[in-house]
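> Structure incoming, see below.
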Amino acid sequence: MKRRDFLTTSAIAGVSGSFLRGAAPAVARAADESPNSKVRFACIGVGGKGDSDTNDAGKHGEIVALCDIDEKTLDKMAAKYPNAKKYFDYRKMLEELGDKIDAVTVSTPDHSHAVASAMAMRMGKHTFCQKPLTWSIEEARILRTLAAEKNLCTQMGNQGTADDGFREGVELLKAGALGPIKEIHVWTNRPIWPQGVKRPTDTPGIPNNVHWYEFLGPAHDRPYHGGYHPFNWRGWLDFGTGALGDMACHTINVAAMGLELFDAESVEVLDTSGIVDRETYPTWSIIKTQFGERNGRAPLSLTWYDGGDKLPEEKRAYKKLLHGEKSSGSGLLIVGEKGSFYSVNDYGAEHVLLPRDKYKEFKKPEATLPRSPGHFTEWVEAIKTKDPKKALSNFEYAGRLTETVLLGVVALKAGTKIEWDAKDMRAKNNSAADQYIRRDYRKGFSIHV
């Protein structure tokens, strides 16, 4: 059996008896409930973005459980939902309440996204997970497989997907308004957290409110430090995916959906300040991904720039292509033979076609995508109508988008160009890069069963 086939088989395999016993009642209930029934949510990670995700769940159903590794964060949210059971370990929560949960939100640091989501999904739970969907490419492939095999309603937390302007942007790209696309440039004001720094050498005590073992989850042991939790985990290789992982699922989203930016041919780091001590992502980077022909679409390149104001001015090649428009802090420029699409924010919803004079009389193409009632609402409606496709950033799409994004992270870590074999999920020219496509899990927190 090929490794990829083994991984796919593993992804959809059952888990322990207790998990399987918990799954059946929840699946049966979902099949019998009416569209007016309340969805029962368990929320994993309730601070930061998890705050709004949890409150969205509270507006759309019943919150039966809350889970967070920080007692202060957990207690603050529990005060709003006093009937919800409190947990520090999502594994224990799912084991104890499996048949009382219909759906989960996963808003943890990146490194725990996939492990928490996969455990819930194997139990038949519909899943809303923050972006990037996963920490590794293999994990994205597994979650995508699980969602399909279990027929689950899923949604990744790139909320700009729900904007009318985003969907209009996708429609005009699909309609060919720019002609054949030659190149894409994407830039961000991230990181806004520490990157390019060395590992702390001091070892302060673990605060009484922090459950450090559960924070580490699938990552290997290291002493607690305030430089990791809260929030600053994003810049550390073990926990986050850097500026690229944090923002590209937003900023390239309209281009990915409109132009099918999946299964790249290659990716390389054009320039970077460099990963520091194999611990933190670079202060700034420029990464180029090459896509081949895709269902009749011409090959194109996508160049990513991160670092915000730390990116040297002379390296911002995209500025010369803006037809005199002011450069935004974060943005997207799609350059076609007929014209360009310029988005001045992270979501693609606010955009202009360039040159302006040429497109002054441009008429929007006919709507082909449904307009959304809201990103979270859309997902809940998918659950209630048993229609996974109703959530537009479902894991079939979001898994592929995340793979595209994380391929750049692999190139950063590998320090070499990656010639990509998407089918077999490997770097054709560098077997050493395999370690960055997958994760070496800490015992008790593996995605593999």
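> So which of G176, G240 ends up being crowded, with 21+ Cβ neighbours inside 10 Å and in a loop (DSSP other than H, G, I, E, B)? Step through it out loud before you land on a result.
Working: G176 fails: crowded, with 21+ Cβ neighbours inside 10 Å.
Step by step, each of G176, G240 is checked, and only G240 is crowded, with 21+ Cβ neighbours inside 10 Å and in a loop (DSSP other than H, G, I, E, B).
> Quick one: which of R234, R190 is outside any loop (DSSP other than H, G, I, E, B) and either basic (K, R) or assigned by the TED database to the domain that holds P299 (or both)?
On the way: R190 fails: outside any loop (DSSP other than H, G, I, E, B).
On inspection, the qualifying residue turns out to be R234.
> A further question follows. Does R167 fit the bill of being among the charged types (D, E, K, R) and either closer than 30 Å to K364 by Cα or in the same structural domain as K49 (by the TED database) (or both)? Talk me through it step by step, then tell me what you get.
Values: among the charged types (D, E, K, R): yes; either closer than 30 Å to K364 by Cα or in the same structural domain as K49 (by the TED database) (or both): yes.
Spelling it out, R167 is indeed among the charged types (D, E, K, R) and either closer than 30 Å to K364 by Cα or in the same structural domain as K49 (by the TED database) (or both).
> Given D238, D277, which one is under 20 Å from T404 (Cα atoms) and either touching a residue at least 12 places away in the same chain (Cβ under 8 Å) or of a type in the set (D, E) (or both)? Let's see the steps before the verdict.
Working: D277 fails: under 20 Å from T404 (Cα atoms).
Result of the check over D238, D277: D238.
Okay, residues lined up against (1) of a type in the set (A, V, I, L, M, F, W, C); (2) touching a His at 6+ places or on another chain (Cβ under 7 Å); (3) within 25 Å of C129 (Cα to Cα):
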residue	(1), (2), (3)
E403	no, no, yes
V410	yes, no, yes
T416	no, no, no
W420	yes, no, no
A432	yes, no, no
R439	no, no, yes
K443	no, no, yes
S446	no, no, yes
V449	yes, no, yes
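> Still on this structure: Tell me, yes or no, whether the stretch 290-307 has at least one residue that is in contact with a Ser or Thr (Cβ under 7 Å, 6 or more places away or on another chain), assigned by the TED database to the domain that holds G179 and on the phi > 0 side of the Ramachandran plot.
Yes; the residues of the stretch 290-307 include at least one that is in contact with a Ser or Thr (Cβ under 7 Å, 6 or more places away or on another chain), assigned by the TED database to the domain that holds G179 and on the phi > 0 side of the Ramachandran plot.
> Does T127 satisfy being closer than 21 Å to K386 by Cβ, surrounded by fewer than 22 Cβ atoms within 10 Å (Cβ to Cβ) and β-branched (V, I, T)?
On the way: closer than 21 Å to K386 by Cβ: yes; surrounded by fewer than 22 Cβ atoms within 10 Å (Cβ to Cβ): no; β-branched (V, I, T): yes.
In short, no.
> Another question, if that's okay. Taking the condition of being out of contact with any Ser or Thr (no Cβ under 7 Å at 6 or more places or on another chain) and β-branched (V, I, T), how many residues in the stretch 423-449 meet it? Write out each step before concluding.
Filtering the stretch 423-449 for residues out of contact with any Ser or Thr (no Cβ under 7 Å at 6 or more places or on another chain) gives 423-429, 431-436, 440-447.
Subsequent filtering for residues that are β-branched (V, I, T) retains 447.
Summing the residues that are out of contact with any Ser or Thr (no Cβ under 7 Å at 6 or more places or on another chain) and β-branched (V, I, T) in the stretch 423-449 gives 1.
> If I filter the stretch 406-429 for residues that are more than 20 Å from T280 (Cα to Cα) and among the hydroxyl-bearing types (S, T, Y), do I get at least one hit?
The answer is no; no qualifying residue exists.
The values are calculated or read from the model by the stated rules, or taken from the named source; none is laboratory data. All values derive from a computational prediction rather than experimental measurement. Glycine also receives a Cβ, built like all others from the backbone with ideal geometry; neighbour counts cover every protein chain displayed.
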